[in-house]
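Here's the structure, in structure tokens; my notes come after.
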Amino acid sequence: MKILMVCLGNICRSPLAEGILQDKVKKRGLQWIVDSAGTERYHIGEPPHPLSQKVASQHGIDISHQRARRFKAADIDQFDIVFALAKDVLEEIKHLSASRFNAHKVKLLMEELYPGEERDVPDPWYGPEPGYQDAYEIIERACEAVIQNYTIKV
Ligand code: 4NP
């Protein structure tokens, strides 16, 4: 299973999603590949936001090595699932992937927890520190749902 997490800047939400899902995958001994990207170019090459790094670290997850990259159309072919962390991100993925867009592969992450509700992971970028903790909590629950929903049960 190859999973790509996508937000706007690839510095606040999707680095958390990458780190949290990778941590769960490792702890379960799954052979999944998890990566993240952003639809915008403002922060390409930058590490995750210091407050995303801080909240991840408080939960024992190190995301400091990550570097922001931009989503590209080829990602649609290279990943089995592309999770958009919000609806505006999903629209931008459609735009950037053009004819390669595949509606079976691109999903809203929060649908894993709340199917049919089309919820977003709130963007902590514009607000104070508690927003990053809230984002962590909701992303952690969504990633747990991803593991449950995509692991074959025996
Ligand atoms: P992210 O948050 O999409 O969760 O990484 C943002 C980061 C930067 C900007 C917007 C959202 N920005 O406008 O620079």
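The values are calculated or read from the model by the stated rules, or taken from the named source; none is laboratory data. A quick note: this is a predicted structure, and the numbers were derived from the prediction, not measured. Because the Cβ atoms are built from the backbone with ideal geometry, glycine has one as well, and the counts that use them run over all protein chains shown. What goes into the accessible areas is simple: the full protein's heavy atoms, side chains included, and nothing from ligands, DNA or RNA. Shrake-Rupley method; radii C 1.70, N 1.55, O 1.52, S 1.80 Å.
Could you calculate the contour length gain from Thr151 to Glu118, that is, 0.36 nm times the residue separation minus the distance between their Cα atoms, to one decimal place in nm? Numbers along the way, then the final one.
Numbers: separation 33, 0.36 × 33 = 11.88 nm, distance 2.27 nm.
Extra length available between Thr151 and Glu118 comes to 9.6 nm.
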So how exposed is Glu144, as accessible area in Å² (1.4 Å probe, rounded to 10)? 50 Å²
Given axes a ≥ b ≥ c from the Cα gyration tensor, I'd like to know whether the range 90-140 is rounded (a/c under 1.5), prolate (a/b larger than b/c) or oblate. oblate
How would you classify the chain from its alpha-carbon gyration tensor, with a ≥ b ≥ c the square roots of the eigenvalues: rounded for a/c under 1.5, else prolate if a/b is greater than b/c, otherwise oblate? rounded
Going residue by residue through the range 90-100, the Karplus relation 6.51 cos²θ - 1.76 cosθ + 1.60 with θ = phi - 60° gives ³J(HN,Hα) values, rounded to whole Hz and with x marking Gly or Pro, of 4, 4, 6, 4, 4, 5, 6, 8, 6, 5, 7
Largest-first ranking of Ile152, Ile147 by accessible area, probe 1.4 Å, whole protein assembly kept, is Ile152, Ile147
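Could you work out the relative contact order of the range 91-149, using alpha carbon pairs under 8 angstrom and six or more residues apart, expressed as a whole percent?
Value for the range 91-149: 28 percent.
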Can you list residues from other chains, or at least 5 along the same chain, whose modelled amide H is less than 5 Å from the amide H of Glu46? Ala68
So what is the accessible area of the range 1-107 per residue, in Å², with the probe set to 1.4 Å? 47 Å²
Which residues in the range 114-154 have a backbone N closer than 19 Å to a point placed 7 Å from the Cα of Glu46 along the Cα-to-Cβ line? 122-133, 135-136
Could you tell me which residue out of Ser64, Tyr136, Gln78 lies farthest along the dipole of the chain toward its positive end? Charges go on the beta carbon: Lys and Arg +1, Asp and Glu -1, centred on the Cα centre. Gln78
Name the long-range amide H neighbours of Ser36: under 5 Å, sequence gap of 5 or more, or other chain; modelled H, no Pro or chain starts. Met5
For Asn10, residues with placed amide H under 5 Å, excluding near neighbours: Thr39
Whole-Hz Karplus couplings 3J(HN,Hα) for the range 26-37, θ = phi - 60° and coefficients 6.51, -1.76, 1.60, Gly and Pro as x, run 5, 5, 9, x, 7, 9, 8, 10, 10, 9, 9, 7
SASA check, Arg67, accessible area w/ 1.4 Å probe, all protein chains in place, rounded to nearest 10 Å², comes out at 130 Å²
Share of carbon and sulfur in the accessible heavy-atom surface of the range 12-129 [1.4 Å probe, %]: 50 percent
Find the relative contact order for the chain and round it to a whole percent, using C-alpha pairs within less than 8 Å whose residues are 6+ positions apart. 27 percent
Please compute the length gained on full extension between Glu137 and Gln58, using 0.36 nm multiplied by the number of residues separating them and subtracting their Cα-Cα distance. 27.2 nm
As a check on your grasp of the helix formula, calculate [θ] at 222 nm for the chain: sum -39500 (n - 2.57) over DSSP H runs of n ≥ 4, divide by the residue count, round to the nearest 500. -12500 deg cm²/dmol
